[in-house]
Amino acid sequence: MAATDHVATDMLDEILKHLEALVSFDTRNPPREILPSGGIFDYLQAQLPGFACTVTDHGDGAVSLLAVRGRPTRVFNVHLDTVPSSEAWSTDPLTLRVADGRAIGLGACDIKGAAAGLIVAAQRTTGDAAFLFTTDEEANDARCIAAFLASDHGFREAIVAEPTQCEAVLAHRGISSVLLKFRGAAGHASGANAMHSNALHHAMRWGAKALDLVEGESHRRFGGLTGLRFNIGKVEGGIKANVIAPSAEVRFGFRPLPSHDIDELHARFGTCAAAGSLERYQETFRGPPLPAGDVAAAEERRLAARDLADGLGLPIGNAVDFWTEASLFSAGGLDAIVYGPGDIAQAHTADEWVALDQLERYAASIVRMLDGTPPQ
């Protein structure tokens, strides 16, 4: 075995040791029962000697750990919470398995594999470094990042770990989730007023117009992304088939391009409802696109992120349709990219896995960044 092969094997063994430990900690979100002590955060601090560690409990299972060594200006961010596991898992999701070139376990791909890589990189280097670990990404809550950005943090760049197959992603869609409540008037379904008094009818007419609105955005482009993504996820209401529905709820979401104005889209979706039919229009979550800002600002930030990736010797990948918290860092004024091991196609699946070679490649690249070694 060549010396470089031995080094790589040793690194993979270290990564898998930490990944096994990280997967064993139950950080499923929901139920958001993640504590600031006595669990995964104690483990992380024990692996980072020489780092100044600050653990903050933001409430409702949102906990962050900022670990800083020296005086860095770049922060690496990774979320530790996972989605709930389903009954489709073939074995215990909190027990890491390694087989056929894969590490299999809940969060191994999304994105504890990156956290394990950061630990190994920290232990193999001595230079300036900063890691921000968080636990509210899967809740679409973002308390941890918001608190970090509101502080006097002093960082200029952020590298956010999500599964990108070890390519730097410079652009992705935003996300907005909405609750609609329609009002109607209960009555017998045989009445002529059923057509216009039924709250579910109002909801369906709204849906038809909203779908037409989305079709009309198919020509829009930004950085390799096309059109507006849209989904009606849930419709509830009514009593039974012969009763006019007095109320209805619709939950929908859309994923805009960086060039879309989210507030303008909300105004347009609101006008899809018939006059007087809409009781409530409530945005329940918003995440800006990456890069953040209006069209001109977004393009300027995209170019700055490209310069960052080029300077670090990272291969640049395509823009992606999924949302990440890198957009929050971008909106906060930092040059931000998304970069991590694994494939998004494996995230949130039963028997979630990440390729071992991706874990090695990611950790080696972080070592190089922290060492300040010029890219090859």
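The values are calculated or read from the model by the stated rules, or taken from the named source; none is laboratory data. Source: prediction; values computed, not measured. Please note: Cβ atoms are built from the backbone with ideal geometry, for glycine as well, and neighbour counts cover all protein chains shown. Calculation scope for accessible area: heavy atoms of the full protein, side chains included, ligands and nucleic acids excluded. Shrake-Rupley method; radii C 1.70, N 1.55, O 1.52, S 1.80 Å.
Summed over the residues of the range 200-305 and divided among them, the accessible surface reaches 52 Å² per residue at a probe radius of 1.4 Å.
Membrane-span-like helices of the chain, defined as complete DSSP H segments with a Cα extent of 30 Å or more along the helix axis and a mean Kyte hydropathy of at least -1.0, are identified as 3-24. Sorting 40-48, 18-26 by their mean Cβ neighbour count within 10 Å, with the most densely packed peptide first, gives 18-26, 40-48.
Projecting the alpha carbon convex hull of the chain along each direction and taking the average yields 21.0 nm². Could you let me know the centre-to-centre spacing of the range 196-234 and the range 255-275, using Cα atoms, in angstrom? Using only Cα atoms, the two centres lie 9 Å from each other. The mean sequence separation of alpha-carbon pairs under 8 Å and at least six residues apart, normalised by the residue count of the chain, gives a relative contact order of 24 percent. Springs join every pair of Cα atoms under 10 Å in this Gaussian network model of the chain, and among Glu352, Glu162, Glu217 the largest mean-square fluctuation is at Glu217. Over all other residues within a Cβ to Cβ distance under 13 Å of Gly127, the charged ones net out to +3, with Lys and Arg as +1 and Asp and Glu as -1. Annotation: per residue accessible area for the range 13-165 equals 39 Å², rounded to a whole number [probe 1.4 Å, protein chains only]. Here the accessible area is traced with a 1.4 Å probe on the protein chains. For the range 107-154, carbon and sulfur cover 41 percent of it. Computed over the range 1-128, the alpha-carbon pair-distance distribution with 5 angstrom bins reads 2, 10, 18, 22, 19, 14, 9, 4, 1, 0, 0, each value a whole percent.
With the simple model of a label 7 Å out from the Cα in the direction of the Cβ, Asp92 to Arg306 spans 4.9 nm. The count of lysine pairs in the chain that are at least 8 places apart or cross chains, and whose C-alpha atoms lie under 22 Å apart, stands at 5. Inter-part distance, the range 306-373 to the range 23-48, computed on C-alpha centroids, equals 22 Å. Its Cα gyration tensor gives the range 126-263 an equivalent ellipsoid. The semi-axes, each the square root of 5 times an eigenvalue, are 43, 19, 11 Å from largest down. In the chain, helices alone account for a calculated mean residue ellipticity at 222 nm of -9500 deg cm²/dmol, with every DSSP H run of four or more residues adding -39,500 (n - 2.57). Database remark: amide H of Ala245 closer than 5 angstrom to the amide H of Ala199, Leu200 (H placed geometrically; neighbours at sequence offset of 5 or more, or on other chains; Pro and chain starts carry no H). Length, then width, then depth: along the principal axes, the Cα atoms of the range 294-333 run 27, 21, 16 Å. For the range 162-210, the share of accessible area belonging to carbon and sulfur comes to 59 percent (1.4 Å probe, ligands and nucleic acids excluded). Per-atom-type breakdown for the range 27-99 gives carbon and sulfur 51% of the accessible area (1.4 Å probe, protein chains only). With the simple spin-label model, which puts each label point 7 Å out from Cα in the Cβ direction, the Ala99 to His196 separation comes to 6.3 nm.
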